[in-house]
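Enquirer: Handing you a structure now.
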Amino acid sequence: QVQLVESGGGLVQPGGSLRLSCAASGRTLNSLVIAWFRQAPGKEREFVAGHTWYTAYADSVKGRFTISRDNAKNMMYLQMNSLKPEETAVYYCAGAPYSNTVYYRRAEYDYWGQGTQVTVSS
């Protein structure tokens, strides 16, 4: 059983930066496709970034967000820069058995963290 635990959320001003972390246990991270999703109030959970042997990003975050993993520490990260108020949401890390393809759909991921709140506001 894979467990994912996010941390690093909080309140940040527009234009600011935040780094989210996700600790994995129960399985080595290098055996998973990993991703970050977010869900704003009243909206569907949406794909933000993913990584297998390559990285993939939602168009809205390209150039500002960076997904990474540290297999030795069994950790994954999401560096978020130039944050906007509309990016206020609960952010989730996710994993699925390894594939050569990053999945964009929520249903493809088997493992989820509990979520961490990110609020972008002045």
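The values are calculated or read from the model by the stated rules, or taken from the named source; none is laboratory data. Not measured: the values here are computed from a predicted model. No Cβ is skipped: glycine too gets one built from the backbone with ideal geometry, and neighbour counts run over all protein chains shown. Note: areas computed on protein heavy atoms with side chains; ligands, DNA, RNA excluded. Shrake-Rupley method; radii C 1.70, N 1.55, O 1.52, S 1.80 Å.
Enquirer: Does Thr119 count as among the hydroxyl-bearing types (Ser, Thr, Tyr), assigned to a strand (DSSP E or B) and over 16 Å from Val2 (Cβ atoms)?
Expert: yes
Enquirer: Restricting to the range 87-105, name every residue that is free of Cβ contacts under 8 Å to residues at least 60 places away in the same chain and of a type in the set (Phe, Trp, Tyr).
Expert: Across the range 87-105, the qualifying residue is only Tyr104.
Enquirer: Another question, then. Answer with yes or no whether Leu83 is assigned to a loop (DSSP other than H, G, I, E, B), in contact with a Gly (Cβ under 6 Å, 6 or more places away or on another chain) and surrounded by 13 or more Cβ atoms within 10 Å (Cβ to Cβ).
Expert: Taking the combined requirement at face value, the residue satisfies it.
Enquirer: Mind counting the residues in the range 1-60 that are over 17 Å from Gln79 (Cβ atoms), more than 12 Å from the chain's Cα centre (by Cα) and in a strand (DSSP E or B)?
Expert: Total meeting the criteria: 5.
Enquirer: Now, a different point. I need every pair where a residue in the range 61-76 that is assigned to a loop (DSSP other than H, G, I, E, B) has its Cβ under 8 Å from the Cβ of a residue that is open to solvent by 70 Å² or more (accessible area, probe 1.4 Å), sequence separation at least 6 or different chains.
Expert: Going by the 8 Å Cβ cut-off, the qualifying pairs are Asn71/Thr28; Asn71/Asn30; Asn74/Thr28.
Enquirer: Considering only residues that are part of a loop (DSSP other than H, G, I, E, B) and under 14 Å from Gly8 (Cβ atoms), which ones fall in the range 86-116?
Expert: Passing the criteria: Gly113, Gln114, Gly115.
Enquirer: Conditions first: (1) aliphatic (A, V, I, L, M); (2) under 13 Å from the mean Cα position of the chain (by Cα); (3) modelled with pLDDT under 95. Met75 passes all but one, so which condition is the exception?
Expert: (3)
Enquirer: Something else now. Select from the range 3-24 the residues that are open to solvent by less than 50 Å² (accessible area, probe 1.4 Å) and not hydrophobic (A, V, I, L, M, F, W, C) and write down the one among them that is nearest to Tyr92 (Cα to Cα).
Expert: Glu6
Enquirer: Between residues in the range 31-44 that are closer than 11 Å to Thr88 by Cα and residues that are open to solvent by less than 20 Å² (accessible area, probe 1.4 Å) and in a loop (DSSP other than H, G, I, E, B), which pairs lie under 8 Å by C-beta distance while being six or more apart or on different chains?
Expert: Partner pairs satisfying both residue conditions: Gln39/Gly115.
Enquirer: Looking at the structure I just gave you, is Lys84 over 14 Å from Arg45 (Cα atoms) and without any contact (Cβ under 8 Å) to a residue 12 or more places away in the chain?
Expert: no
Enquirer: Being out of contact with any helix residue (DSSP H, G or I) (no Cβ under 8 Å at 6 or more places or on another chain), closer than 15 Å to Thr119 by Cα and open to solvent by less than 10 Å² (accessible area, probe 1.4 Å), is that true of even one residue in the range 34-56?
Expert: Looking for residues that are out of contact with any helix residue (DSSP H, G or I) (no Cβ under 8 Å at 6 or more places or on another chain), closer than 15 Å to Thr119 by Cα and open to solvent by less than 10 Å² (accessible area, probe 1.4 Å), one finds none in the range 34-56, hence no.
Enquirer: Shifting gears a bit: Kindly provide the set of residues from the range 65-74 that are exposed (fewer than 15 other Cβ atoms within 10 Å of the Cβ) and closer than 17 Å to Phe37 by Cα, ordered by number.
Expert: Of everything in the range 65-74, just one residue is exposed (fewer than 15 other Cβ atoms within 10 Å of the Cβ) and closer than 17 Å to Phe37 by Cα, namely Ser68.
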